[in-house]
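Shown next, in structure tokens, is the structure this report addresses.
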Amino acid sequence: MQVVSGFSKKSKTEKLDYLSQFLDSPEKVKARLQSFWHQNLDEQKVFDDFSENTLTNYYFPYGIMPNLLLNNKTYFVPMVIEESSVVAAAANAASFWAKRGGVKSEVVASTKVGQVHFSWEGDKEKLFSFFKNNKAELKNNISPLLQSMKKRGGGLLDIDLKETGPNLFQLFCTFETCDAMGANFINTVLEALGRELVLSHAKLSEGEKTIEIIMAILSNYTPECLVRSYVECPIQDLEDGKLGMSVDQFVKKFNQALKISHMDIYRATTHNKGIFNGIDAVVLATGNDFRAIEACGHAFASRKGQYRGLSELTLKEGKFKFFLDVPLALGTVGGLTSLHPLAKTSLEILNNPSAKELMMIASAVGLLQNFAALKSLVTCGIQRGHMKMHLLNILNHLGATELEQEQVRDNFNDKVISFKEVRDFLMGLRTIH
Ligand code: MEV
């Protein structure tokens, strides 16, 4: 294979020209990519600079979930997601629960973690005693890096020395980063701690083996950034005329669906995917890191040794209480949250929440999404709602006019929708006219 060098140094137009050599229809591809450039070149520059080798922008729908009643406050929640039924399902569940007291949420804690991994081939006891005697100085030597975070009420909370494996150790550090996601702050502090550790150990333990730093990096496993959200109502209040079965039958099946998600990994994965449909959409809309959130959520789902569904149900004294515990290390200042113009707008739409408030909003949407999915699954199935929303995609794909769209919708109002059926019906319409 021929390796291209210096690609990143080329201008955007040069990159497109270069790429053109390898395309069957370069002009078409180029025109399509350029058609997604922002009209305002200054705005476009912001997007170009987020990443390397940017050629254009990749659009996703930006929608709103109205009617989130959370801790007695109402929100319009921005959601960025391409899956057609997600916003509709969440919105449905939001208005259902808004009439039943809404969602209640609390942030249990917001501590983040970072690690300096190193190897040490000497006497373990000596290392632990060195750490005990020098921990305060270690902290002190990096204190200039902590000043501005300290002013905001955060900083480095503690450092612990742990043995990871044979000859492998780590400084296990805990941080509070207030409204920031804090990745850069944490990583900067960790790298400095690593350097200080080596220096002070070399100075104080002459003739000893040396500490060798392997890596210094934050951990995306943040079980302490835990948010707990729940909805609750008397069982009989779950009736909304759309269950197609008795409330008791519905609750029984809902409960069984949850139990299955706690026992079967195949179902648990899909169950949690539904929760993250909601969470990710809010995380993306607010410029947070959805990969970090997903990685942490799935690790947390395995914390008891088996991967399981994240939500729980209790049925006590005639009450249905559905809840979700999920760690969400989100930020509302710094990073993309302030650089991406639409992330900033999302936060404005949410009335500029603190990080903790955003954590509760995202978790509430995840819970509502999960409720909506389970409710459909154990009653009419998800395909009815899903395909109803997907119908528009099919119609757009088939180039249906507004009149055709209306005729197709009328025809499929009470029928099962599939691509083939819709296409055949549309072809039929087109031959008649
Ligand atoms: C689809 O994106 C998500 C669901 O499959 C979630 C679930 O099954 O719980 C509907």
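Residues in the range 261-278 that are within 10 Å of the ligand (Cβ to nearest atom), over 16 Å from E294 (Cα atoms) and of a type outside the set (S, T, Y): R267 alone.
Screening F290, F300 for residues that are without any contact (Cβ under 8 Å) to a residue 24 or more places away in the chain and not hydroxyl-bearing (S, T, Y) leaves exactly one candidate, F290. Out of E206, E191, E212, one residue alone is outside the structural domain of D325 (by TED's automatic domain parsing), surrounded by fewer than 17 Cβ atoms within 10 Å (Cβ to Cβ), of a type in the set (D, E, K, R) and modelled with pLDDT of 95 or more. It is E212. None of E348, E406 is within 18 Å of L284 (Cβ to Cβ) and without any contact (Cβ under 8 Å) to a residue 40 or more places away in the chain except E348. Just one residue in the set I275, I279 is at pLDDT 95 or above and touching a Phe, Trp or Tyr at 6+ places or on another chain (Cβ under 9 Å); that residue is I279. Residues in the range 283-306 that are part of a loop (DSSP other than H, G, I, E, B) and surrounded by fewer than 16 Cβ atoms within 10 Å (Cβ to Cβ): 5 in all.
Taking the range 300-318 as the range and being over 15 Å from V251 (Cβ atoms) and among the hydroxyl-bearing types (S, T, Y) as the test, the residues that pass are S302, Y307.
Annotation note: Cβ proximity below 7 Å between a residue of the range 233-249 that is on the phi < 0 side of the Ramachandran plot and a residue that is aromatic (F, W, Y) (sequence gap 6+ or interchain) occurs for C233/F320; I235/F320; L238/F250; L238/F320; D240/F96; L243/F250.
Within the range 217-229, being more than 19 Å from Q170 (Cα to Cα) and crowded, with 19+ Cβ neighbours inside 10 Å holds for C225, L226, V227, S229. As a summary of the residue check, L55 satisfies the conditions (1) surrounded by 13 or more Cβ atoms within 10 Å (Cβ to Cβ); (2) assigned by TED's automatic domain parsing to the domain that holds L342; (3) not hydroxyl-bearing (S, T, Y) except for the one numbered (2).
Of the residues G366, G287, the single one that is within 16 Å of the ligand (Cβ to nearest atom) and under 14 Å from the mean Cα position of the chain (by Cα) is G366. Report the residue count in the range 1-36 for those that are outside any helix (DSSP H, G or I), at pLDDT below 95 and surrounded by 13 or more Cβ atoms within 10 Å (Cβ to Cβ). Adding up the residues that qualify gives 0.
Table: residues versus (1) in contact with a strand residue (DSSP E or B) (Cβ under 8 Å, 6 or more places away or on another chain); (2) assigned by TED's automatic domain parsing to the domain that holds R195; (3) at pLDDT 95 or above; (4) at positive phi.
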residue	(1), (2), (3), (4)
A90	yes, no, yes, no
A93	no, no, yes, no
W97	yes, no, yes, no
R100	yes, no, yes, no
H117	yes, yes, yes, no
K124	yes, yes, no, no
L127	yes, yes, no, no
F130	no, yes, no, no
K135	yes, yes, yes, no
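Suppose the filter is over 30 Å from D240 (Cβ atoms) and not assigned by TED's automatic domain parsing to the domain that holds S246; does L398 pass it? So L398 fits the description; yes.
Across the range 78-127, the qualifying residues are those that are of a type in the set (S, T, Y) and either within 16 Å of the ligand (Cβ to nearest atom) or part of a strand (DSSP E or B) (or both), and the one among them that is surrounded by the fewest Cβ atoms within 10 Å (Cβ to Cβ) is S119.
The values are calculated or read from the model by the stated rules, or taken from the named source; none is laboratory data. None of the values given here were measured: they were computed from a predicted structure. For neighbour counting, all protein chains shown are included, and Cβ atoms are generated from backbone atoms with ideal geometry for every residue, glycine included.
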